[in-house]
Structure formats: C-alpha cells, structure tokens
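> Shown below is the structure under consideration.
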Amino acid sequence: MGQTDPAPQQRLVEYVVDRVLDETNTDTKILVLARQDGHLDSFPIWIGSAEGHAIKLALDTTLTPRPMSHDLVKSFMEHLNVTVRRVVIGDVKNSTYYATVYLENNGVERTVDARPSDAISLALRTRAPLYVSEDVLARRNTANLESWLAKQDVKSSTKQPEVQDSCVIRCEGARKDDVDLFTETS
C-alpha cells in the first residue's frame, strides 16, 4: 500500500457495471462496463468465472450465508475505519488491465494495486465510483465491439443453467427414500 502520488492527475471517465456475460467458448466471464454519463460506450473486461460470480452477487445484492472474500475485506475496512474513495482502471499492458483502489483513513489517502475484477467487486460492495483513464480508453480496440457484445448477450440468454440440468439428470432415477434424506424437515 502506498501513498497517493502527487503526479499529474489522469483524466478519468466514470463507468458503472452494466452486466456480466458468460463467455460461451471458455470458462470465463465478460464484465461489461457502461459510461455513467449516458454516452453509448461499452468497456468489456474478461475475468475468471469465480470473479464474475462475486460481481454478480454484488450486483444482485445477494446475501450469502457466510461472507465471501470481498465481503470480508469490506468488513475489515469498516472495522478499521477505512473507506474506498474510488477505483481506477489506469493502465493496460499486453491486453491486461490494471486497477488501483484509492483508500482513505484518518484523512490520509493511499493506493492499492488490484486486479480490475477484485477492485470492481469491492467498489460495488462499498458503493465507490469506478473510473477508466482516458489513456486506457484510447489504447483499447473497439472495432465491432457493440455487435459482438449483442451476439454474446443472445448466447448467454439461450444457455441453460448447468446446475438445473445436472439436478434433473441426477434426480430422475432417485427413489422417494433417497429424496427424503435430503429434504429439510421442521
């Protein structure tokens, strides 16, 4: 964790999480950000399946029986009186994005390097704003992005949930006694 650099400020554009899509060819997710100011501009980031799940939980404000990792970090921060001021996706190298989480405690702002998926998951849980630097926006490749994202939306919406399918397959041959073993009684 370092103190904020007094270097010249990057020009930033505010984004919000628009949606998380299933990447149909791999076991990854596509996190789609949208500009906060209403300009039509999508910013996709490929992330892992677990990271996508954590972001979906935060988007849906789903409470889990036990705290997830990002909920635990948020709890630590609350107990230590640390607040997330903002998250900035400020660099891209070899098609990999880099994020910085800006934290404040007792009037001192510090920065922490983070993967964008973790930084965004934490920002959603703490209601912190999310920014992308204009430099990163200028260096990304957006050729045919909107039409490609629309195709991904269609593929994601037609995909059947795997959990339901596997449950149906496993339960078809079950006897009533087997099902009763897993049924909660009051």
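The values are calculated or read from the model by the stated rules, or taken from the named source; none is laboratory data. All figures in this text were calculated on a predicted structure; none of them were measured in a lab. FYI the Cβ positions are ideal-geometry reconstructions off the backbone, even for glycines, and counts take in every protein chain you see. Please note that ligands, DNA and RNA were not included when accessible areas were found on the heavy atoms of the full protein model with its side chains. Shrake-Rupley method; radii C 1.70, N 1.55, O 1.52, S 1.80 Å.
> With the other protein chains left in place, how much accessible area per residue, in square angstrom, belongs to the stretch 1-138 at a 1.4 angstrom probe? Intermediate results must be reported in sequence, preceding the final value.
Values: 8010 Å² over 138 residues.
Heavy-atom accessible area per residue stands at 58 Å².
> In addition: So if we plug the beta-carbon distance of TRP46 and GLU134 into 1/(1 + (r/R0)^6) with R0 = 25 Å, what FRET efficiency do we get, rounded to 0.05?
Numbers: r = 22 Å, r/R0 = 0.86.
Result of the calculation: an efficiency of 0.70.
> Now for a different question. Under unit Cβ charges (Lys, Arg +1; Asp, Glu -1), what dipole magnitude, rounded to 20 debye, does the stretch 57-113 have relative to its Cα centre?
On the way: 6 positive and 7 negative charges, 9 e Å.
Dipole of the stretch 57-113, to the nearest 20 debye: 40 debye.
> How many percent of the accessible area of the stretch 1-140 is carbon or sulfur, using a 1.4 Å probe?
Working: 4060 of 8170 Å².
C and S atoms contribute 50 percent here.
> Would you mind putting 35-41, 82-88, 72-78 in packing order, based on average other-beta-carbon counts within 10 Å, highest first? Could the numbers behind the result be given before it?
Working: 35-41: 11.0, 82-88: 19.3, 72-78: 14.3.
The most tightly packed comes first, giving 82-88, 72-78, 35-41.
> Normalised by the empirical 2.2 N^0.38 Å for globular proteins, what value does the Cα Rg of the stretch 21-103 take? The partial results should precede the final answer.
Working: Rg = 14.8 Å, N = 83, 2.2 N^0.38 = 11.8 Å.
Computed over Cα atoms of the stretch 21-103, the ratio equals 1.25.
> Note down the magnitude of the dipole of the stretch 2-144 about its Cα centre, charges +1 on Lys and Arg C-beta and -1 on Asp and Glu C-beta and zero elsewhere, to the nearest 20 debye. Don't jump to the answer; show the numbers that get you there.
Numbers: 16 positive and 19 negative charges, 22 e Å.
Value, rounded to 20: 100 debye.
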